[in-house]
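The values are calculated or read from the model by the stated rules, or taken from the named source; none is laboratory data. This structure is a prediction, so every number in the text was calculated from the model and none was measured. When we count neighbours, we look across all protein chains shown, and the Cβ atoms used for this are built from the backbone with ideal geometry, even at glycine. SASA here: full protein model, heavy atoms, side chains in, ligands and nucleic acids out. Shrake-Rupley method; radii C 1.70, N 1.55, O 1.52, S 1.80 Å.
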Amino acid sequence: IEAGAEFVQTQAVYDPERFQYFMEQVGDIGVPILAGIVILKSAGMAKFMNKNVAGVTVPQELIDRMQNAKDRREETIQITIELVNALKPMCQGIHFMPLGWMDVVPPVLDACGL
């Protein structure tokens, strides 16, 4: 911030309670904080992120939902909607990282009233 940052963008967030704790610890830093959401494509992707991406934790509940989904794309949309609705009151914006699934973002935005 002292060097000129005008916003902060977080690593992928999948646990709203953990994010709330983070936000409480950070407090008002004088710039907007954008919560990152990497669009989950599969349970395998979630497990890979847990194992290989520092600072990212995908809760087992979300992994199970992806594993058991009849339609992965629809489950992805539903999970993302839930995350956005939980995170948006805590931060100043959401940064989507769809990793090739750009088409899931518009229905999420519509469902979340954005």
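Filtering the range 1-31 to residues that are assigned to a helix (DSSP H, G or I) and free of Cβ contacts under 8 Å to residues at least 24 places away in the same chain leaves Glu17, Tyr21, Phe22, Glu24, Gln25, Val26. Please go through the range 19-44 and pick out each residue that is buried (at least 16 other Cβ atoms within 10 Å of the Cβ) and over 16 Å from Gln9 (Cα atoms). Once the filter is applied, which keeps residues that are buried (at least 16 other Cβ atoms within 10 Å of the Cβ) and over 16 Å from Gln9 (Cα atoms), the range 19-44 yields Leu40, Lys41, Ala43.
For Ile63, the stated conditions do not hold, so it cannot be described as modelled with pLDDT of 95 or more, surrounded by 15 or more Cβ atoms within 10 Å (Cβ to Cβ) and within 24 Å of Ile33 (Cβ to Cβ). Against the numbered list (1) over 15 Å from Gly55 (Cα atoms); (2) at pLDDT 95 or above; (3) part of a loop (DSSP other than H, G, I, E, B), Leu34 comes up short only at (3).
Taking each residue of the range 89-102 that is under 15 Å from Asp28 (Cβ atoms) and of a type outside the set (Lys, Arg) and looking for partners that are outside any loop (DSSP other than H, G, I, E, B) and open to solvent by 50 Å² or more (accessible area, probe 1.4 Å) with beta-carbon atoms closer than 7 Å, six or more apart or interchain, yields Met90/Gln20. Taken together, the residues in the range 66-103 that are modelled with pLDDT of 95 or more, part of a helix (DSSP H, G or I), closer than 18 Å to Ala35 by Cα and among the aliphatic types (A, V, I, L, M) amount to 8. Scanning the range 11-66 for residues that are more than 20 Å from His95 (Cα to Cα) and basic (Lys, Arg) yields a count of 3.
How about the range 47-60: which of its residues are under 23 Å from Cys112 (Cα atoms) and crowded, with 17+ Cβ neighbours inside 10 Å?
Our first condition is that a residue be under 23 Å from Cys112 (Cα atoms); within the range 47-60, this holds for 58-59.
The answer is Val58, and nothing else.
This table checks each residue for (1) surrounded by 17 or more Cβ atoms within 10 Å (Cβ to Cβ); (2) out of contact with any strand residue (DSSP E or B) (no Cβ under 8 Å at 6 or more places or on another chain); (3) aromatic (Phe, Trp, Tyr).
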| site | (1), (2), (3) |
| --- | --- |
| Arg73 | no, yes, no |
| Ile77 | yes, yes, no |
| Glu82 | no, yes, no |
| Leu87 | yes, no, no |
| Gly93 | no, no, no |
| Asp103 | no, yes, no |
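Would a scan of the range 54-65 turn up a residue that is in contact (Cβ under 8 Å) with a residue 12 or more places away in the chain, closer than 17 Å to Thr10 by Cβ, outside any helix (DSSP H, G or I) and in contact with a Gly (Cβ under 7 Å, 6 or more places away or on another chain)? No, the conditions are met nowhere in the range 54-65.
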